[in-house]
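Below is one structure, written out as structure tokens; comments come after it.
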Amino acid sequence: MSATAIADGLFRALPEPTLIGGRNRETGRIVFPCPADRDRWEAVDLPRRGTLWSWTVQRYRPKTPPYVGPEDFAPFALGYVELPGATIVESRLVDVNFDALKIGMEMQITLVPFATDDQGNTIMLYAFTPLQEG
Amino acid sequence: MQDVFIIGIGIHPFGRTEGLSGLQQGANAARIALKDAGLEWQDMQFGFGGSDSAGNADTIVNELGLTGLPFINVKNGCATGGSALIGAWQAIASGQYDVGIALGFDKHPRGAFNAMPAEYSLPDWYGEAGFMVTTQFFAIKLQRYMALHGISPQSLGRVAEKAFRNAAHADHAWRRSPVDIDTIMHSQMVSDPLTKYMFCSPAEGGVALILGSERKARELGRDRVRIKSAVVRTRPPGSFEVFAPCIDIERGGAPTLLASKAAFEMAGIGPEDIDLAQLQDTESGAEIMHMAENGFCDHGEQEEWLANGWSGIDGKLPVNTDGGCLACGEPIGASGLRQIYENTLQLRGLGGGRQVPGNPRTAYSHVYGAPGISGVTILER
């Protein structure tokens, strides 16, 4: 059994976890994820650190479909993280007490095991976690 | 362009009606509206209507009569009803027709709306990861708004308390028992900072409006309530909407700002001229944010408004006089027309226990929904 990304082209794991955005070749606007039309959008690495723009906690299990997370549900935090000079991305927020979430706090990207697919592979998802200094 | 009047209104009560399809609830509303106008289905020269998840509105001819009338189906998310109204209004304003019907209905399963990524041009992973949940968006938008503008959780509770208080007097509302603010504040947390009582629920119901030209309205003695403006707008750059994997750092406008501005310009009046308003209250915070986005107060002033009851029935601008979405629930296709039904009733002075005092002359209604659309109408007596 191995680990597999929730979708191709969203992020890379090595050498460091990094989100892949798209830069509009005409306007320079940066979005996430990178749109498929590569004539108009070029893939760019997004900053790995940012600040929490806003957040909430998902307290009930989202409906399936489309949700593929575990049946055994635990509330999770999510929000938007502003990546300086790029864009503000929506993300799960992990390894943080719900009470400690605060707009403006410094965050960094990480990859987390999220669910298990039919073949028993671990599905990996990007997430943000409070910045650990050092 | 000629003036257009609302000459008949009908509603099938919101909530749950076992054994009746959404379409049949819409047909019930149409029969009541026709009776209210003193007309028959055979008199309808055209129709516009829609539902989000209860089927094609034009099949309503099976219920009401095969008269051969032209009937246009509308499917425009939360603006479905408002868009049907715009179609009907233009058909008469242009001089092409004298009288017609706009209707909306719906019937949703229990629980949160079950949106699929492909319907919104989004990749599958976005839904698989658990982001395809409307309640998250409202909570996240609100969380930031509260931090920036000093809105307290107590104000969220006050909005919900007002909704249930108003709805106790509205026959068509779903949740008609007052709920005290402590119960609201301490009910189950759904998506922080919003508790169960601060969210509306998907529901069922139907609304129909009969529109007529000035000549027709006079002939029938129903020339009291006229449409001053009816607009729908999509989102501008830099807005923050439901189902967004990313948003621009450079913040921009919002569809509500565009729709509100256009509606006021068309009507030739401003927010200070409005006597009552129905504002999209998918959750408590939405009503608060929409008070400012529609121009009725500055950002942050809602705290004072709610503490002083200024948006109550006898306040300076009564908001959501029938309890809004919070108390009526949200059948998407019917919700926008419910607002206009309520406004028409209020302008006729028939609001009963929830009637806005002082013979209101102007009434405003506003919807907002995915993927970033807003509709506004202004009525005048």
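The values are calculated or read from the model by the stated rules, or taken from the named source; none is laboratory data. If you're wondering where the values come from, they're calculated on a predicted model, not measured in any experiment. Don't worry about glycine lacking a Cβ; one is built from the backbone with ideal geometry, like all the others, and counts go over all protein chains shown.
crowded, with 21+ Cβ neighbours inside 10 Å and either assigned to a strand (DSSP E or B) or among the small types (Gly, Ala, Ser) (or both): is that true of B:Ala112 in this structure? For B:Ala112, the condition - crowded, with 21+ Cβ neighbours inside 10 Å and either assigned to a strand (DSSP E or B) or among the small types (Gly, Ala, Ser) (or both) - is not met. Being in a strand (DSSP E or B) and more than 12 Å from every other protein chain (Cβ to nearest Cβ) is the filter here; which residues of region A:26-35 pass it? None; the set is empty. In this structure, B:Gly212 does not satisfy being assigned to a helix (DSSP H, G or I) and buried (at least 24 other Cβ atoms within 10 Å of the Cβ).
Cβ-Cβ contacts under 6 Å between residues 6 or more apart (or on different chains), taken from a first residue in region A:55-75 that is within 17 Å of A:Pro113 (Cα to Cα) and within 7 Å of chain B (Cβ to nearest Cβ) to a second residue that is of a type in the set (Gly, Ala, Ser) and not in a loop (DSSP other than H, G, I, E, B), are listed as A:Val68/A:Ala115; A:Gly69/A:Ala115.
Could you list, in sequence order, all residues of region B:125-157 that are closer than 24 Å to A:Ile6 by Cα, over 24 Å from the mean Cα position of the chain (by Cα) and facing chain A (nearest Cβ under 7 Å)? Quick ask: steps written out before the conclusion?
Here is the first cut: in region B:125-157, the ones closer than 24 Å to A:Ile6 by Cα are B:125-137, B:140.
If we keep only those that are over 24 Å from the mean Cα position of the chain (by Cα) as well, we get B:125-131.
Selection gives B:Trp125, B:Gly127, B:Glu128, B:Ala129, B:Gly130, B:Phe131.
Remark: pairs (first residue in region A:80-108, away from every other protein chain (no Cβ under 12 Å); second residue among the hydrophobic types (A, V, I, L, M, F, W, C) and outside any strand (DSSP E or B); Cβ separation under 7 Å; 6+ apart in sequence or on different chains) = A:Glu106/A:Leu131; A:Met107/A:Leu131; A:Gln108/A:Leu131.
Out of everything in region A:1-25 that is of a type in the set (Ser, Thr, Tyr) and part of a strand (DSSP E or B), what residue ends up being modelled with the lowest pLDDT? Break it down stepwise before answering.
Restricting attention to region A:1-25, the residues satisfying the condition of being of a type in the set (Ser, Thr, Tyr) are A:2, A:4, A:18.
Those left that are additionally part of a strand (DSSP E or B): A:4, A:18.
On the way: A:Thr4: 93, A:Thr18: 98.
The extreme case among them is A:Thr4.
Report, by residue number, each residue of region A:30-77 that is aliphatic (A, V, I, L, M), touching a Lys or Arg at 6+ places or on another chain (Cβ under 8 Å) and more than 22 Å from A:Glu16 (Cβ to Cβ). Answer for region A:30-77, where residues must be aliphatic (A, V, I, L, M), touching a Lys or Arg at 6+ places or on another chain (Cβ under 8 Å) and more than 22 Å from A:Glu16 (Cβ to Cβ): just A:Ala77.
Touching a residue at least 12 places away in the same chain (Cβ under 8 Å), at positive phi and in contact with a helix residue (DSSP H, G or I) (Cβ under 6 Å, 6 or more places away or on another chain): does that describe B:Phe243? Quick ask: steps written out before the conclusion?
Working: touching a residue at least 12 places away in the same chain (Cβ under 8 Å): yes; at positive phi: yes; in contact with a helix residue (DSSP H, G or I) (Cβ under 6 Å, 6 or more places away or on another chain): yes.
Taking the combined requirement at face value, the residue satisfies it.
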